[in-house]
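Participant: One structure, pasted below without further comment.
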Amino acid sequence: MSSTRFAGFDLERELRTRWVRWTLLVWVGIAAWYVWQRWGLINALALSDTDDNMRMMQVRGLLAGQDWYDLRQYRLSPPNGLDIHWSRLVDLPIAALILIVQPFTGTAMAERLAAGIAPLFPLAVTMLAMGAAVRRLIAPAAWPLAVLILMGCTATMAQFVPLRIDHHGWQLAFLALAVMGIADPQRTRGGLTVGLASAGSLTIGLELLPFCAMAGAIVALRWVWDRDEMPRMRAYGLSLAGGSSAGFVLFASNANYAMRCDALTPVWLSVMVVAGALLVVLSLLNPANRLVRLGVAAAAGGIVVGGFAGLFPQCLQRPEGVSDELANTWLNNVREARPIYKHSFTMAFPMAVLPVIGIIGAGFAAWRAKTADTLVAWVAIGLFTAFAGAMLLWQVRAGPAAQLLAVPGSAWLAWTIVPWFLRQRWMLVRVLGSVAAFLLVSGLFAGFVVKYLPVSDPPSKYRSTVSRANNRCASASGMRMLDRTLPPSTLFTHVDLGPRLIVMTRHKGIAGPYHRNERAILDVHHGFTGKPEAFRGIAQRYGAQYLLVCPNMAETTVYRAREKDGFYGQLAKGKVPDWLEPVPLPKGAPYRLWRIRYDRP
């Protein structure tokens, strides 16, 4: 890139030397636009995801004096509450924002502002980390391409928008830091970055555990290939073991001291400590022969895998540890847990395009690498991106990570191809060619093209009915209606409505969509799908005073599919037992509400 000056302003110098400042300025602009665009939703505290609602309740509990290591949610499944398997790490920035703003705005507005602003912090980390990775891999002035391409990663950016306060944004930020560490030519610093980023991600949750494992495998394979990579591997092993230990001590809840498989418990802590220690031992040995290094690395991997299988056989199945009944009733119906090929083409195609482009870009970058270190770094990035793409064939929830990992390869293609068009003689070729090239290598074309491809998705009328019911029943106005109608009570309602109910009202619910609470989830499903006479016994165990139903909500389709003539099926047909006393609601209310009379036969 040639130097470009405007009235004494050296653009190339600014991009090369003051990139952090400019990245943060771009982030401020994006953050301001996001907050302005979504202010109506922020002001209504329109937390659309159950996990975002539960995260707000976790923060409220912390600020109200709930013990740091007690993450039970006591307003669901009364009287004992529900065990939530998360950590407090993600609660901290949200709680800090509330405490800072609260004296000026009051608690309610402070919560809204915190929910709107907190998701933008991990976006800043991600932008800086990906910018640093691209600077190291391509050129010091190439970082704007990483930012531009990241902005077009729709699945990734969806995790950073205002109100998306759950942990996914921070896990993606840690993944971006791992990429930055892999691309770092300073081996010790790079290893420390990858190890600490992996430990931070695991402290939050295990969703990106396969990506953390792949990052560790890449560090080890680099050492196998090049003995001089020993400092990176040693630093990675020390920081992984130490960071995971610190994360466990500081953030593991009381419930996570059990030998569970779904969080950073003693099970996974021991795996990380042993794996890190073995890598440190290998770095001390550091055999000169490449085949010997491969052999001892394979032996270390065998020790970790074999020990895990022998000591924790309960974790060889799905980590949630749920029964077949709960899996079939609920967990297997979670859309994001399905592979990408089981989703509609209009959703899958734009999500999958960029990872493919990223793999191609990393491959060409490795082929064109001018130094051995750059070659190894691009091969590592290519392997990481290919792994992420393959993960889409397992679960579509890997989409945000897969798009993020594709950014360096895509940026290399843009850095290489777009300037070629800009050097052409004809203006039309320079303008249209460069724009078309960027749209192609950034994957942005997919969102436009998919609208005109001859594909047909399932009819949308049914989906729109369900979507309308989901939105209306979770709306702030609907929830305020419930608060005005009833004194603080325990409402027997749908699993997916539970977290929203307790955030927006003074009421208690029965269950939320969290796998450790199998009994509460199954009790709700049994209550709605079983015989009407069995419902009251289930409801009475939780002290439920009212029955709240949201007709046509997505969850109700599961009730009908399992048992058309069950309790919910009969309610939907207007067959209401005498012991349910209708509670009048304003005209147009999205709910049906009854008082449960236990004194009637």
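Values quoted throughout were computed directly from the atomic coordinates according to the rules given, and no laboratory measurement underlies them. Quick caveat, the model's predicted, so the values are computed rather than measured. Neighbour counts are summed over all protein chains in view; Cβ atoms, including those assigned to glycine, are modelled from backbone coordinates with ideal geometry.
Participant: Where does the stretch 349-480 land on Rg/Rh, using Cα atoms and the Kirkwood Rh?
Facilitator: 1.15
Participant: Also, quick follow-up: Placing +1 on the Cβ of each Lys and Arg and -1 on the Cβ of each Asp and Glu in the chain, which of Met233, Ile417, Thr505 has its Cα farthest towards the positive end of the resulting dipole?
Facilitator: The residue sitting farthest along the positive end of the dipole is Ile417.
Participant: Sticking with this structure for a sec: Just add up the charged neighbours of Asp496: K/R +1, D/E -1, any other residue whose Cβ is under 13 Å from the Cβ of Asp496.
Facilitator: -2
Participant: Per the Kirkwood formula on distinct C-alpha pairs, the Rh of the stretch 335-379 is how many angstrom? List each step's numbers first, then the result.
Facilitator: Numbers: mean 1/r = 0.0808 Å⁻¹.
Hydrodynamic radius (Kirkwood, Cα pairs) of the stretch 335-379 is 12.4 Å.
Participant: Using a simple charge model, +1 on the beta-carbon of Lys and Arg, -1 on the beta-carbon of Asp and Glu, nothing else, what dipole does the stretch 465-596 show about its Cα centre, in debye to the nearest 20?
Facilitator: 280 debye
Participant: Hey, another quick one. I'd like to know which of Ala544, Phe387, Ala141 lies farthest towards the positive end of the charge dipole of the chain, counting +1 on Cβ of Lys and Arg and -1 on Cβ of Asp and Glu.
Facilitator: Ala141
Participant: Per the Cauchy relation, a quarter of the hull surface: what is the mean projected area of the convex hull of the alpha carbons in the stretch 120-447, in nm²?
Facilitator: Working: hull surface 71.8 nm².
Mean projected area for the stretch 120-447: 17.9 nm², to one decimal.
Participant: Another one. Could you size up the charge dipole of the stretch 120-447 around its Cα centre, putting +1 on the beta carbon of Lys and Arg and -1 on that of Asp and Glu, and report it in debye to the nearest 20?
Facilitator: Numbers: 22 positive and 12 negative charges, 209 e Å.
That gives the stretch 120-447 a dipole magnitude of about 1000 debye.
Participant: On to the next question. Just from its helices, what would the mean residue ellipticity at 222 nm be for the chain, if runs of 4 or more DSSP H residues each count -39500 (n - 2.57) and the sum is divided by every residue, rounded to the nearest 500 deg cm²/dmol? Write down the numbers at each step before the final one.
Facilitator: On the way: 29 runs with 369 residues, N = 601.
Value at 222 nm, helices only: -19500 deg cm²/dmol.
Participant: I need the shape label for the stretch 105-175. Rule: rounded when a/c is under 1.5, else prolate if a/b > b/c, else oblate, with a, b, c from the alpha carbon gyration tensor.
Facilitator: Working: a/c = 2.86, a/b = 2.55, b/c = 1.12.
In terms of gyration-tensor shape, prolate.
Participant: If you don't mind, another one. Which distance in Å, rounded to a whole number, links the C-alpha centroids of the stretch 196-230 and the stretch 555-585?
Facilitator: Centre-to-centre (Cα) distance: 50 Å.
Participant: Another question, if that's okay. In nm, to one decimal, how far is the modelled label at Met109 from the one at Arg560, with both set 7 Å along Cα→Cβ?
Facilitator: 4.4 nm
Participant: How would you classify the stretch 465-596 from its alpha-carbon gyration tensor, with a ≥ b ≥ c the square roots of the eigenvalues: rounded for a/c under 1.5, else prolate if a/b is greater than b/c, otherwise oblate? Before the final figure, lay out the partial values.
Facilitator: Working: a/c = 1.24, a/b = 1.20, b/c = 1.03.
In terms of gyration-tensor shape, rounded.
Participant: Give me the orientation-averaged projected area of the Cα convex hull of the chain, in nm², one decimal.
Facilitator: Numbers: hull surface 123.9 nm².
Answer in nm², one decimal: 31.0.
Participant: Please give the charge dipole size of the chain, origin at the Cα centre, charges +1 on K and R Cβ atoms and -1 on D and E Cβ atoms. Round to the nearest 20 debye. Write down the numbers at each step before the final one.
Facilitator: On the way: 59 positive and 35 negative charges, 236 e Å.
With Lys and Arg at +1 and Asp and Glu at -1, about 1140 debye.
Participant: Next question, about the same structure. Note down the relative contact order for the chain as a percent, whole number, built from C-alpha pairs under 8 angstrom at least six residues apart.
Facilitator: 13 percent
Participant: Within a Cβ distance under 14 Å of Ala183, other residues only, what is the Lys/Arg minus Asp/Glu net charge? Spell out each step's value before the answer.
Facilitator: Numbers: positive: Arg135, Arg136, Arg187, Arg189, Arg222, Arg232; negative: Asp184, Glu229, Asp373.
Every neighbour counted, the sum reads +3.
Participant: Compute the signed sum of charges (Lys and Arg +1, Asp and Glu -1) over the other residues within less than 14 Å, Cβ to Cβ, of Trp420. Mind dumping the intermediate values first?
Facilitator: Details: positive: Arg368, Arg423, Arg425, Arg430; negative: none.
So the environment of Trp420 carries a net charge of +4.
Participant: Quick one: longest stretch of the chain between exposed loop trypsin sites (Lys or Arg not before Pro), exposed meaning at most 14 other C-beta atoms within 10 Å and loop per DSSP? Don't skip to the answer; put the middle values down first.
Facilitator: Details: sites that count: Arg18, Arg368, Lys370, Arg423, Arg425, Lys451, Arg506, Lys564, Lys573, Lys575, Lys587, Arg597.
The longest such stretch corresponds to 19-367.
Participant: If you don't mind, there's one more thing I want to ask. If r is the Cβ-Cβ distance from Leu291 to Arg597 and R0 is 56 Å, what FRET efficiency results, to the nearest 0.05?
Facilitator: The calculated FRET efficiency here is 0.15.
Participant: Can you list the lysines whose alpha carbon sits under 22 Å from that of Lys564, skipping same-chain ones fewer than 8 residues off?
Facilitator: Those lysines meeting the cut-off are Lys461, Lys531, Lys573, Lys575.
Participant: Between the stretch 478-528 and the stretch 533-550, what is the separation of their alpha carbon centroids in Å?
Facilitator: Using only Cα atoms to place each centre, the spacing works out to 11 Å.
Participant: Additional query: Go through the chain and flag any cysteine with no other cysteine's C-beta closer than 4.7 Å, please.
Facilitator: Within the chain, the cysteines lacking a partner Cβ under 4.7 Å are Cys153, Cys212.
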